[in-house]
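Trainee: For reference, the structure I am asking about is given below.
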Amino acid sequence: MEKQVIKLFPTLVHHYREVLSPVQLAAIATHCLSVEAGQHRAFIGDTKSSFSRNSHLIENLETNYPVLKGLRTGLSKLMIGYALEYGFEGIQIKNSWFNVQRPGSVLKHHVHTDSKISAALFVQADAQSSKLHLENPNPFLNYIRPENFTEYTFEYAQFQPVAGDLILFPSWIKHGSGFEANLSKDRIVISINAS
């Protein structure tokens, strides 16, 4: 008897550590906390966000902070590498923005429309920061309840954010904080979309 295991339709996620130095992270955090910003409808509670379909935070940071020179190029290389592995060519960063969450705020589950690849770059986070949940895209998991969860039946994957982490994922995957409230003072994330 011969057995062949076939893992159909896997979802590719890249998780990088220490993408930026502490000095670079501090410059970005200072910028995000000092800039006036509005609300983003993906959040509940005390937050601020520079979100707009036309926002170009990465370029603005690179222009205004010498310590961040090369930021766009470095992030682009990682996103292009991910995209090629996923099967997409010609990917470019389309927009980027910051989100600041304060205690008690929640990131609702959502997708990024008009984009192929998305990224979450954690600028400021600690053990009290809400996790990033990526939902399993299989809609039928709600109908089955296995006795033991496996890589095929987990409802979600979660990442405890650490400052300097970068997580790349397909824009269509639903993500949020798993309805977990953030407890850290200022959880800061840069979101990036590429197509």
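The values are calculated or read from the model by the stated rules, or taken from the named source; none is laboratory data. Keep in mind the model is a prediction, meaning the values are calculated, not measured. Cβ atoms come from the backbone with ideal geometry, glycine included; neighbour counts cover every protein chain shown.
So that you can scan it fast, the table gives a plain yes or no per residue for (1) surrounded by 13 or more Cβ atoms within 10 Å (Cβ to Cβ); (2) of a type outside the set (Val, Ile, Thr); (3) free of Cβ contacts under 8 Å to residues at least 12 places away in the same chain:
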site	(1), (2), (3)
Ile58	yes, no, no
Leu61	yes, yes, no
Tyr65	yes, yes, no
Leu68	yes, yes, no
Thr73	no, no, yes
Met79	yes, yes, no
Gly90	no, yes, yes
Lys94	yes, yes, no
Asn99	yes, yes, no
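Trainee: Pairs under 7 Å by beta carbon, first residue in contact (Cβ under 8 Å) with a residue 12 or more places away in the chain and under 20 Å from His175 (Cβ atoms) in segment 125-150, partner assigned to a strand (DSSP E or B) and of a type in the set (Ser, Thr, Tyr), six or more apart or different chains?
Mentor: That search, which allows pairs on different chains as well, returns His133/Tyr156; Leu134/Tyr156; Glu135/Tyr156; Asn136/Tyr156.
Trainee: Name the residue, out of Thr63, Thr47, that is hydroxyl-bearing (Ser, Thr, Tyr) and within 18 Å of the chain's Cα centre (by Cα).
Mentor: Just a single option satisfies the conditions, and that option is Thr47.
Trainee: Another question, if that's okay. Of the residues Ser129, Ser96, only one is in a strand (DSSP E or B), touching a strand residue (DSSP E or B) at 6+ places or on another chain (Cβ under 7 Å), of a type outside the set (A, V, I, L, M, F, W, C) and closer than 19 Å to Ile167 by Cβ; which? Full working, then the answer.
Mentor: On the way: Ser129 fails: in a strand (DSSP E or B).
So the residue among Ser129, Ser96 that is in a strand (DSSP E or B), touching a strand residue (DSSP E or B) at 6+ places or on another chain (Cβ under 7 Å), of a type outside the set (A, V, I, L, M, F, W, C) and closer than 19 Å to Ile167 by Cβ is Ser96.
Trainee: Which condition does Tyr86 not pass, out of (1) within 28 Å of Tyr152 (Cα to Cα); (2) surrounded by 14 or more Cβ atoms within 10 Å (Cβ to Cβ); (3) modelled with pLDDT of 95 or more, if it passes all the others?
Mentor: Just one mismatch for Tyr86, condition (3).
Residues checked against (1) at positive phi; (2) among the small types (Gly, Ala, Ser); (3) in contact with a strand residue (DSSP E or B) (Cβ under 6 Å, 6 or more places away or on another chain):
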residue	(1), (2), (3)
Gln4	no, no, no
Val13	no, no, yes
Pro22	no, no, no
Leu25	no, no, yes
Ala29	no, yes, yes
His40	no, no, yes
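Trainee: Then there's this: Taking segment 1-51 as the search range and keeping residues that are among the aliphatic types (A, V, I, L, M) and loosely packed, with under 12 Cβ neighbours inside 10 Å, which one is farthest from Val106 (Cα to Cα)?
Mentor: Among those residues, the one meeting the criterion is Met1.
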